[in-house]
Amino acid sequence: MTSPLVPTPGQTVGPFFGFALPYAGGADLVPPGAPGAVRLSGRVLDGDGAPVPDALLEIWQPAPDGGIVRRPGSLRRDGWTFTGWGRSATDTAGRYTFTTLEPGGVDGGAAFFTVAIFARGLLDRLFTRAYLPD
């Protein structure tokens, strides 16, 4: 006789980002100072407004012409290939920053960055979008 399988609770994310997931150049989709480079930055705060010092953010974006980027090499930056993907850890004040190119609108839509947030206490990552002022 076998006993019925019982669901187990999910495991929360982290806090292990400080040594396992960030990598050199991960937040620089293009080198700082590259032609057309822009900075996307912000802060991650918890429900009480306190900074989250060990969150990890990922962005995905189209190229400036609105095309979907399909180039390999996201984890090994070569300094000139734009892959449309980046990863940034937060600092002790919850700040993150990316150096990238301004995304174009896909199929004539509004330009935006897709943002995923990983942090302790979350059972799954959170998704949001960051739109440009125009």
With all protein chains present, calculate the accessible area of Asp107 using a 1.4 Å probe and round the result to the nearest 10 Å². 150
Let me have the 222 nm mean residue ellipticity of the chain computed from DSSP H runs of 4+ only, each contributing -39500 (n - 2.57), with the sum over all residues rounded to the nearest 500. -500 deg cm²/dmol
Once exposed loop chymotrypsin sites (Phe, Trp or Tyr not before Pro) are cut out (DSSP; at most 13 other Cβ, 10 Å), longest piece of the chain: 24-79
Difference of contour (0.36 nm per residue) and Cα-Cα distance, Leu123 to Val69: 16.5 nm
If the elastic network links every pair of Cα atoms under 10 Å, which of Thr83, Thr100, Thr92 fluctuates the most in the Gaussian network model of the chain? Thr92
With r as the distance between the Cβ atoms of Leu132 and Trp80 and R0 = 25 Å, compute the FRET efficiency 1/(1 + (r/R0)^6) and round to 0.05. 0.60
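Given R₀ = 35 Å, what would the calculated FRET efficiency be for Leu45 paired with Leu5, taking r from the Cβ atoms and rounding to 0.05? Display every interim value, and only then the final one.
Working: r = 39 Å, r/R0 = 1.11.
In this case the efficiency is close to 0.35.
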Karplus couplings for segment 84-91 from phi (6.51 cos²θ - 1.76 cosθ + 1.60, θ = phi - 60°), rounded to Hz, Gly and Pro as x? x, 9, x, 9, 9, 8, 7, 8
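Work out the length of the dipole vector of the chain about its Cα centre, built from +1 on the beta-carbon of each Lys and Arg and -1 on the beta-carbon of each Asp and Glu, and round it to the nearest 20 debye.
Rounded to the nearest 20 debye, it is 260 debye.
The values are calculated or read from the model by the stated rules, or taken from the named source; none is laboratory data. In this text, all values refer to a predicted model and were calculated from it rather than measured experimentally. Cβ sites come from the backbone with ideal geometry, for glycine too, and all protein chains shown count toward neighbours. Please note that ligands, DNA and RNA were not included when accessible areas were found on the heavy atoms of the full protein model with its side chains. Shrake-Rupley method; radii C 1.70, N 1.55, O 1.52, S 1.80 Å.
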